[in-house]
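Read-outs throughout are calculated quantities, based only on the coordinates presented, and are distinct from any laboratory measurement. Note that the structure is predicted; figures quoted are calculated from it, not measured.
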Amino acid sequence: MKPRTSILGAWKLNLDESDDARKKLQDARGADNGRGGGGRGGVRMGIPGMGGGPYGGGRRGGGGGESDADRQKMQETLTPARALTVAEAKKDVEIDMFDDQEHKSAFYTDGRKLQKTKDNTSQEITAHWDGNRLVTDEKTPSGKKMSRTYELSYDGTQLYETLRLIRGRSDSQVSIRYVYDQAGEPAARAAQTRQ
């Protein structure tokens, strides 16, 4: 396939080159001197600092009071899409991203006040351009700072999504990278309709 010059287009997840979010978060927990006593297990992703300890969802003392809904949202945040389609809706102002689960994210770079969405299928996100990289300004379900950076690989054949989030009481930063390869438009549409 021909190299691309922007993040726009259809992309499919390259699992082999992408980070394992669970391992990255476990490593970060280890770097925090094993605080939290979580062990493995917990809810599907075993998210440290999100109250997902080894017993499935009971709150640990001083755990910040995360709800089951917050833990579920965090798992969704950390689970990469298998396919993405990135389109420019309004030049330099709105970038729309559609994933394989029929979710739409609208990234606004003009500083407008965003609408709070009630459902999971569509969301508006504040973002800005840093050169040719699209960088979001978000918060985790527990209110900690989080950002995603979408950028093209140096050779124009891959899209990198880098998720940076602050976790735990120590406010340590974790960085997780997902790698996407170019996909043909029909393949991306097929991935969007498959469940």
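Measuring between alpha carbons in the structure, the pairs from LYS12/LYS90; LYS2/LYS116; LYS2/LYS113; LYS2/LYS104; LYS90/LYS145; LYS90/LYS116 lying more than 30 angstrom apart are LYS2/LYS116; LYS2/LYS113.
With θ taken as phi - 60° and the Karplus curve 6.51 cos²θ - 1.76 cosθ + 1.60 applied, the whole-hertz 3J(HN,Hα) list for segment 139-145 is 10, 6, x, 8, x, 7, 5 Hz, x standing for glycine and proline. Residues whose amide H comes within less than 5 Å of that of VAL93, counting only those at least five positions distant or on another chain, are absent (H built at 1.01 Å from N in the peptide plane). Here the 3J(HN,Hα) profile of segment 90-98, calculated from phi with Karplus coefficients 6.51, -1.76 and 1.60 at θ = phi - 60°, is 9, 3, 6, 10, 9, 10, 9, 10, 10 Hz, Gly and Pro shown as x. In order along segment 10-26, the phi-based Karplus estimate (6.51 cos²θ - 1.76 cosθ + 1.60, θ = phi - 60°) of 3J(HN,Hα) comes to 9, 9, 10, 5, 9, 4, 4, 9, 8, 5, 8, 4, 4, 5, 4, 6, 5 Hz; Gly and Pro are listed as x. Around the amide H of ALA83, modelled in the peptide plane, lie the amide H atoms of LEU13, ASP100, all under 5 Å away and 5 or more residues distant in sequence or on another chain. Under 5 Å between amide H atoms, partner at least 5 residues away or on a different chain: which partners does SER122 have, H built in plane at 1.01 Å? For SER122, whose amide H was placed from the backbone, the distant partners under 5 Å are LYS104.
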